[in-house]
Structures are given as structure tokens and as C-alpha cells.
Amino acid sequence: MTKTITIAHGNGGEENNELIKKVFYKHFENDILAKSEDAAVIEDGKLAFTTDSFTVSPLFFPGGDIGKLAVCGTCNDLAMMGAKPKYMTCSVIIEEGFSTRELEKIVKSMKKELDINGAIVVSGDTKVVPRGSVDKLFINTTGIGEIQHKGISASGLKEGMSVLVSRDVGTHGATIFAAREGIELASTLQTDCASLYPEIKKLIDSGIKIVAMRDATRGGVSAVLNEWAKSSDVCIEVIEESIPVQEEVRGICEMLGFEAVDLANEGTFVLAVAKEDEAKALEVLQQTHKTSTVIASVSEQYKGRVLLNSSWGTKRFLDLPTGELLPRIC
């Protein structure tokens, strides 16, 4: 029987990885692509290059919209490789009948985030398709950035290193789900969607040697940690109670059976540094978010796995998320 694509294949977890490896990597394989970083490092380490597509539903949500998401997502992928975002393309697929007023609002959001990153759109494409062919609006962006900190790699983790998270996790996924399902929350919960380059520049300027960075988008923090553990052939030992989660996010997770570490983020990143740089890195991160903290250390206990240590003294493996987890969140 011929296999077909399911929503789970776009979740950023196990099924997504399988699809990429068995179809795309199989035919496109090369040394640059094989590194599986947030952005490709090209031109002898001078430039970072990335592309992404955005299909979020709803288009507008507390704290952002698809336009802000598109620029932040692409520029953040460049920043994760130590690059300053410089040039972007913007291609849109618009459903017939879409409001020009809403379109302009989305483009204004994009311009605001471009200014924060110091980047400009230099090329683009517009397609209009018949009603029902797409869900209102899809955006594709490609970005090029100038690398300011070389050597960042998911395969560079070694025993004794520290892993930090830049702020509390899961707010984007929880916000999108609440907005989509019409859940009334007696809170001000909103997406973490934000441009990360200004924060990354502070880390670079502080002189910290950044070993690895990854923004925890689809698949969340658990996907990042599992990818790093496999790429570096190490064990990442996580202290469960150290993972920062807002109470509103925790409540949604408990109500619906989600894990906050599996939920998507759009302004939260994971950072690996040597133990001696841990205190300085935390100091820099907490200038932006007081919730940033150390969540894990690197060992060689179970190579290629992520080990979760609970406050009850129990241990379990934290695996890649599987199944349908908040489809259309980015």
C-alpha cells in the first residue's frame, strides 16, 4: 500500500524527521544539508542561508500574526548560526477574496520585525489562487545573514557542558491552540514570537563561546535536545523541575494532555555552552527574560538520548514528539 502524508509529518518530531530523511535527504544529500542546522553555512563560513514557509491558523493571534511570524522565524534561524540577518525574499500565496486591509496589516508587521533585525526584503513573488485552494494566506521567506560568530554546531556538545533555555517554554503553541479553539483564558497569555538577533548579539558581544543554538519551534525543546544528543552522540540530562513553564501554559497542557517541552516556540531558544561560560551566559539571557535558566547538562551516560530527571527521583527518556501535535502552528 502506498503511504500518504499525514498532519503528523509536519509536527517537527519523529514523523517529520522520517519524511525528511527518507524523501528529501535521499535525493538532495550533500555535506551542507547533512549538517541539519537551522541555517546552512555557505561561502567558507561567511554567510548563513535559510528558507521557511508559514501557514499558521488563525492568521492573527495574541501577540502576533503570520507576518511577524514569517520574519521572526527566518531571521531567528539565521541568528541561531551566529549570523546577522541582512537580506530576505518574500513570496505569498493568497486566496481569492482575501482582505487587502488584512494583507497590509500583515505586511506592516513584517516591516516592523525587519527593522528590528536590520534586514530588508530584496525580492519576492505573489500568487493568487482560486477560493478554497489555500487557507487565506501562505508566506514563504528566504534569508541571508552575515556570520559574526563562527563554529556553532549541533554536533559540538561534549561531556560537562551546560544547556540553557532563553525563557519559559510552550507559550506559542498554547496561544495558537487557545486562539484556534476559542478557549477563553482569564489571563494575558500570548505568543513568545519575537526577533532574537538583538539577544544573540549580546551573547556574541559578551565574548561567550557559543557551542550550539537552536530556536525551539516545531517539536519544541524536546526536539532540539534530541537532535543535539544524536548529532553530538552524547546524553543530555534534563532536570525536569528546572524547565520554566507559565502557569497558563501548564494548565492547557494538563487539560489537553500536552507536554510543554513538545509545544512550539517562536521566540525561545536553547543554548549550549562550556560549564565555565554558564554563569555569564545566564546573566546575559536574564537581561531580556528573567525566566531564562539552566535546564540540563551533557554527559555520556546514554549516548544519543535525552534523560529527564524528575523531582521525585525518577528518570525517563524524553523522546521526540510523535503524532498530531497542534497542526498549523507556524
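Subtracting the Cα-Cα distance of residue 146 and residue 53 from their residue separation scaled by 0.36 nm leaves 31.3 nm. How much length, in nm to one decimal, is gained on full extension between residue 133 and residue 202, taken as 0.36 nm per residue of separation minus their Cα-Cα distance? Once the chain is fully extended between residue 133 and residue 202, it gains 20.5 nm.
Using the Karplus relation 6.51 cos²θ - 1.76 cosθ + 1.60 with θ = phi - 60°, the per-residue 3J(HN,Hα) values for segment 124-133 come to x, 7, 10, 10, 10, 10, x, 3, x, 6 Hz, with x marking Gly and Pro. Checking the a/c ratio against 1.5 first, then a/b against b/c, what shape does the Cα gyration tensor give for segment 242-281? Taking the square roots of the gyration eigenvalues as a ≥ b ≥ c, segment 242-281 is prolate. When the chain is treated as a Gaussian network with alpha carbon springs shorter than 10 Å, the biggest mean-square fluctuation among 278, 241, 15 belongs to 241.
Would you please classify the overall shape of the chain from the alpha carbon gyration tensor, given that a ≥ b ≥ c denote the square roots of the eigenvalues, rounded means a/c under 1.5, and beyond that prolate means a/b larger than b/c while oblate covers the rest? Provide the component values of the computation, followed by the final result.
Values: a/c = 1.42, a/b = 1.26, b/c = 1.13.
Judged from the Cα gyration tensor, the chain comes out rounded (a/c under 1.5).
Taking all protein chains together and a 1.4 Å probe, the residues 197, 87, 25 rank 87, 25, 197 from largest to smallest accessible area. 3J(HN,Hα) along segment 273-280: 9, 5, 4, 5, 9, 4, 4, 5 Hz, from the Karplus curve 6.51 cos²θ - 1.76 cosθ + 1.60 with θ = phi - 60°, whole Hz, x for Gly and Pro.
When the helices of the chain are scored as -39500 (n - 2.57) per DSSP H run of n ≥ 4 and the total is divided over every residue, the value at 222 nm lands at -8500 deg cm²/dmol. A simple spin-label model places pseudo-atoms 7 Å from Cα toward Cβ; at residue 299 and residue 3 they are separated by 3.4 nm. Near residue 245, the amide H atoms lying under 5 Å from its own belong to 169; only residues 5 or more places off or on other chains count, and H is placed 1.01 Å from N. Note on residue 28 and residue 309: the extension gain reaches 97.3 nm, defined as 0.36 nm multiplied by sequence separation minus the Cα-Cα distance. Of the accessible area of the chain, computed with a 1.4 Å probe over protein heavy atoms only, carbon and sulfur atoms account for 52 percent.
To the nearest 10, the accessible area of residue 276 is 150 Å² with a 1.4 Å probe.
When only DSSP loop residues count, what GluC sites (Glu not before Pro) in segment 64-153 have their Cβ near at most 12 other Cβ atoms within 10 Å? Don't skip to the answer; put the middle values down first.
On the way: sites: 95, 96, 102, 104, 113, 146; in loops: 96.
Here the GluC sites (Glu not before Pro) that fit, given the DSSP loop and packing criteria, are 96.
Beta-bridge orientation, segment 57-172: approximately 60 percent antiparallel, per DSSP, counting only bridges with both partners inside. Restriction of the chymotrypsin sites (Phe, Trp or Tyr not before Pro) in segment 246-330 to DSSP coil positions whose beta-carbon has at most 13 other beta-carbons within 10 angstrom yields 312. Exceedance of the 23 Å cut-off in Cα-Cα distance is limited, within the set 21/201; 46/201; 112/280; 86/150; 86/111, to 21/201; 112/280. Among beta bridges from DSSP that stay inside the chain, the antiparallel ones total about 75%. The simple spin-label model puts a point 7 Å past each Cα toward its Cβ; for residue 103 and residue 242 those points are separated by 4.9 nm.
Could you do me a favour and compute the accessible area per residue for the chain, 1.4 Å probe, result in Å²?
Working: 15710 Å² over 330 residues.
Value for the chain: 48 Å² per residue.
Put a dot 7 Å past the Cα of residue 42, heading toward its Cβ, do the same for residue 291, and the two dots end up 3.6 nm apart.
The values are calculated or read from the model by the stated rules, or taken from the named source; none is laboratory data. The shown structure was predicted, so the numbers you read here are calculated from the model rather than taken from an experiment. Cβ: placed from backbone, ideal geometry, glycine included. Neighbour counts: every protein chain shown. Please note that ligands, DNA and RNA were not included when accessible areas were found on the heavy atoms of the full protein model with its side chains. Shrake-Rupley method; radii C 1.70, N 1.55, O 1.52, S 1.80 Å.
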